[in-house]
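**Student:** Mind looking over this structure? Questions follow.
We did not get these values from a lab; they are worked out from the coordinates using the rules stated. Remember, it's a predicted structure, so these values are computed and weren't measured experimentally. Heads up, the Cβs are rebuilt from the backbone with ideal geometry, glycines too, and the neighbour counts pull from every protein chain shown.
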Amino acid sequence: MVDSTVVLWGQTLAYTFYCLAILALMGWFGYKITRRRRQGVIKNTLFYSFVTFLIVLGVSLHIITYHTIPWAPIDLNRSEIKADKVFDIVAEKHQFILPAEKLVIKCHEKALFKVISNDLTYGFGLFRQDNSMVFQMQVVPGHMNDILWQFDKPGIYTIRSTEYSGPAGVDMLVKDAVIVTGEETSQNN
Amino acid sequence: MNFIQTFLHGEEGVFKPDSMTPMQKMTLRFVVVGLVYYAFAVIEGMIMRLYEVQPIPSIPSKQFFAIMTAHPLVGIFGSTYSIVFGAFLFLVPFLMKKPLWSIKLGNWTLGLIGVGTLVFWFSGFITHYAPLYTLYWPLPADFTQFSVIGGTFFITGIALVMLGTIFFVINIYKTLTYTPDGWAQQPSKEILKSALGITAFSNLFRKKKTEQLVSLPVAAVAQGTVDVAFNAAIILFTGVLILVYMVAALLGFDLKSSAIDALLYKNWFWWGLDLVADGLVLIFVAGTWYLLATLITGKKLYMENVARIALLVELVVSWTVWSHHLLSDQAQPGILKVVSGEMVTAFELITQGLAFFITLYTLWSARPLKMANPLKFLLGGLLGFALAVPAGIMQADIGLNRILHNTQWVIGPHVHVAILVGLTMTLYSAIYFLFPILTNGAKLYSQKLANFHFWAQLLGGVGMGAFMGMAGLHGMLRRSLYIDGEFNTYMVLAAISGSLLLLGFLAFFFNIVMSVGFNGVIGIFSPSKLKTKDLLP
């Protein structure tokens, strides 16, 4: 499965390129608008082309991400996918109660994290050693909150609450709680 | 005039508060209160920026989160609502060429928003009540972390603001439809149809087009006000719900906090809150762009009927997009995530894109234009939304939300760029445009300060959003604290950008005070000597 770092890089590049383009456009517009105009008018075709472009962009964005970000279809169809490992986790009084001290997963296994809260709304996120995020979900009391994830790289990950639950929630993390073992290969789902 | 004389009497002593009508005074009071609360929000923001670099020993983390709770509410209700409501209470009668229905009710709106904001801000400051704008159930009623009395006053303050908001809604709609003394009976039904975009929509299917009875900016105000009303009702209802728990706790009863479904509450609350973020803000801003573009150019708006329909679409969209805030809630039905969270949300790219294009085209058609303050701030506002809306569309995606939700990305490139660059620069454009009209021709003290204000606001806002966004892409959460300096490079750069915003605001505030003089600012708050309902003398 494509790592979330790759997706983030892709997003960073796309958004940076867009920002530079729109900054350049507005700079050019701001300059040109103070200059005397040449003859001729802009045709309405430009307007309708722009509207069409926006519609195509708005619709295609989610179709593209659904087909290129592997966890998107897994997430929507997770109830039909059999997990290799299931971890039942409880969040209560600003603490995570794990089924074992370390949650060990083999590379390419599909792990299902089932988290319930007994009091407040929390978050459940996995973070790499460099603090970057692997994934996160919300943990709402009174509901089952589950996420299915396939790890294709060995690593050690920290669990951290990703939702504000009052000042006491700041320290809600379990360092190096998830260990993924095995070898990285290019195997896909 | 020397510096002291200018400080006391304004630039060249031109500004005379005694010459102002009650409407001018009321509007300027809104602006002054809004700017004072903007100062609150900027200073709070700067404290939080510094705290994210290195926790300040004299400020406990509870205080930090209390500031974080009050900050957006002071910014949105205390500042933006004040400035926007003041401007619209002036502009709607100005554009309709009739008096405001009730100046008294307008002043009540200002009083309630001003006092309400002070009450909730002060209560948070003293008691550290910090559920972060009442997200999520049962956190607002978690009395193990928060003071019941503090929370009670906090919610009461919010309720006062909402009451003032409802008065604003009444005043706007009454102004649209009422018949002033001595006038021929106004066609209130037809006015409402035009204001709500129904006429524009039905004109699509008619050969003979029905004449619009209200101008496009007034239609934008009317439609945005629908979301204002809904939002006020939701916030009031939610406030009452929390108050019930608080009053029960004060009386010694412990209501079962789990009696309310947390996910249902979250849906309810986001439906209401999104009427601000994805509703009235976008509609009001689009309306203000259209107004400013036509006023600056003196030309008719390009594609006016399309713009009217786009506003109506945006209004309907704003009722149906809330689920993009719940894409990471696994119990939320998938159909809501896809339809409301992704697909309908993508319409905002289209409606805002249309407003962007139409405004730019209208300006373009009138070139050459002088790069005066209203125009340059308007371009800044357009740029802000051009940057922030796509950032929002990206995070409103099931795949990307999994790695962006609740990170600094959301609050940086999306929220702060939208507010500080998009919304605030649009408001500054309106303020610079209306300043000579509302002050009967007062002269701006310094154009150099206005230029500095522009660049500081633009670079500070874009820079802060960008560095927060970079931190978010590297995993830094919002609403959290990192005491080991994990993201310090980005946070230092964001703090430097934030300080530019603060300096820009101080330059603007100083410029305005020096333009009207200290005595002039005080004079705005004294009763008008002119007994008239006219807008201008």
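**Student:** Lysines within cross-link reach of B:Lys174: Cα-Cα under 22 Å, excluding same-chain residues under 8 positions apart?
**Tutor:** Hits, sequence-local ones excluded: B:Lys25, B:Lys97, B:Lys98, B:Lys104, B:Lys189, B:Lys193, B:Lys531, B:Lys533.
**Student:** With a sphere of radius 14 Å drawn around the Cβ of B:Tyr432, what net charge do the other residues whose Cβ falls strictly inside it have (Lys, Arg +1; Asp, Glu -1)?
**Tutor:** Charge balance in the 14 Å sphere: +3.
**Student:** Follow-up question, since we're still on this one. Over the whole of B:335-346, what's the average partner chain Cβ count within 10 Å per residue? Rounded to a whole number, please.
**Tutor:** Counting other chains' Cβ atoms within 10 Å and averaging over B:335-346 gives 2.
**Student:** A follow-up question, please. Kyte-Doolittle cut-off 0.5, length cut-off 27 Å along the helix's own axis using Cα: show which whole DSSP H helices in chain B pass.
**Tutor:** Correct list, ordered by number: B:22-53, B:103-127, B:148-177, B:216-250, B:345-364, B:373-395, B:447-473, B:488-516.
**Student:** Can you quote the Å³ per residue value for the convex hull of the Cα atoms in segment B:3-524, rounded to an integer?
**Tutor:** Values: hull volume 83.3 nm³, N = 522.
Per residue, the Cα convex hull of segment B:3-524 comes to 160 Å³.
**Student:** Follow-up question, since we're still on this one. Treating the Cα atoms of segment B:408-537 as identical point scatterers in vacuum, please give the log10 of the normalised Debye intensity I(q)/I(0) at q = 0.10, 0.15 Å⁻¹, two decimals.
**Tutor:** Normalising to I(0) and taking log10 leaves -0.45, -0.78.
**Student:** What three numbers, in Å, describe the spread of the alpha carbons of segment B:1-97 along their principal axes, ordered from the longest?
**Tutor:** Cα extents, longest axis first: 50, 41, 16 Å.
**Student:** At a 10 Å Cβ-Cβ cut-off, how would you order A:Arg37, B:Arg479, B:Arg206, B:Arg49, fewest neighbours first? Intermediate results must be reported in sequence, preceding the final value.
**Tutor:** Details: A:Arg37 13, B:Arg479 19, B:Arg206 9, B:Arg49 22.
Ranking A:Arg37, B:Arg479, B:Arg206, B:Arg49 by Cβ neighbours within 10 Å, fewest first, gives B:Arg206, A:Arg37, B:Arg479, B:Arg49.
**Student:** Two decimals, Cα atoms only, Kirkwood Rh: what is Rg/Rh over chain A?
**Tutor:** Expressed as Rg/Rh, it is 1.14.
**Student:** Name the residues whose placed amide hydrogens come within less than 5 Å of the amide hydrogen of A:Gly123, ignoring near sequence neighbours (fewer than 5 apart) on the same chain.
**Tutor:** A:Val139, A:Thr162, A:Glu163
**Student:** Now for a different question. Which value, to two decimals, describes the C-alpha radius of gyration of the protein assembly as shown once divided by 2.2 N^0.38 Å? All intermediate terms of the calculation are to be shown ahead of the outcome.
**Tutor:** Numbers: Rg = 26.1 Å, N = 726, 2.2 N^0.38 = 26.9 Å.
So the protein assembly as shown has a normalised radius of gyration of 0.97.
**Student:** If each Cα of segment A:83-181 is one equal point scatterer, what is log10 of I(q)/I(0) from the Debye formula at q = 0.11, 0.23, 0.24, 0.25 Å⁻¹?
**Tutor:** -0.28, -1.26, -1.36, -1.46
**Student:** Per DSSP H run of n ≥ 4, the term is -39500 (n - 2.57); total these for chain A, divide by its residue number, and report the mean residue ellipticity at 222 nm rounded to 500 deg cm²/dmol.
**Tutor:** Calculated mean residue ellipticity at 222 nm is -11000 deg cm²/dmol.
**Student:** Report P(r) for segment A:4-69: all Cα-Cα distances, bin width 5 Å, range 0 to the bin holding the largest distance, values in whole percent.
**Tutor:** Histogramming segment A:4-69 at 5 Å steps yields 3, 12, 11, 20, 19, 13, 9, 6, 4, 2, 0 percent.
**Student:** Quick check: net charge around A:Lys110, other residues with Cβ under 15 Å of its Cβ, Lys/Arg +1 and Asp/Glu -1? Walk me through the numbers on the way to the answer.
**Tutor:** Working: positive: A:Arg78, A:Lys82, A:Lys85, A:Lys106, A:Lys114, A:Lys153; negative: A:Asp75, A:Glu80, A:Asp84, A:Glu109, A:Asp146, A:Asp152.
Surrounding charge for A:Lys110 is 0.
**Student:** Same structure again: How about segment A:1-109: which GluC sites (Glu not before Pro) there are in a DSSP loop, with at most 10 other Cβ atoms within 10 Å of their Cβ?
**Tutor:** The qualifying sites are A:Glu101.
**Student:** Still on this structure, please answer the following. Over segment B:3-524, what is the relative contact order in whole percent, taking alpha-carbon pairs under 8 Å and six or more residues apart?
**Tutor:** It rounds to 20 percent for segment B:3-524.
**Student:** Which value at 222 nm does chain B reach when only helices count, each DSSP H run of 4 or more adding -39,500 (n - 2.57), with the total divided by all residues and rounded to the nearest 500 deg cm²/dmol?
**Tutor:** -22000 deg cm²/dmol
**Student:** Here's another thing I want to ask about it. Under a Cβ-Cβ cut-off of 14 Å, what is the net charge of the residues other than B:Ala346 that fall near it, where Lys and Arg count +1 and Asp and Glu count -1?
**Tutor:** Taking every Cβ under 14 Å from that of B:Ala346, the sum is -4.
**Student:** Further question: For A:Leu103, what residues show an amide H to amide H distance below 5 Å, using hydrogens built from the backbone and excluding near sequence neighbours?
**Tutor:** A:Val178, A:Ile179
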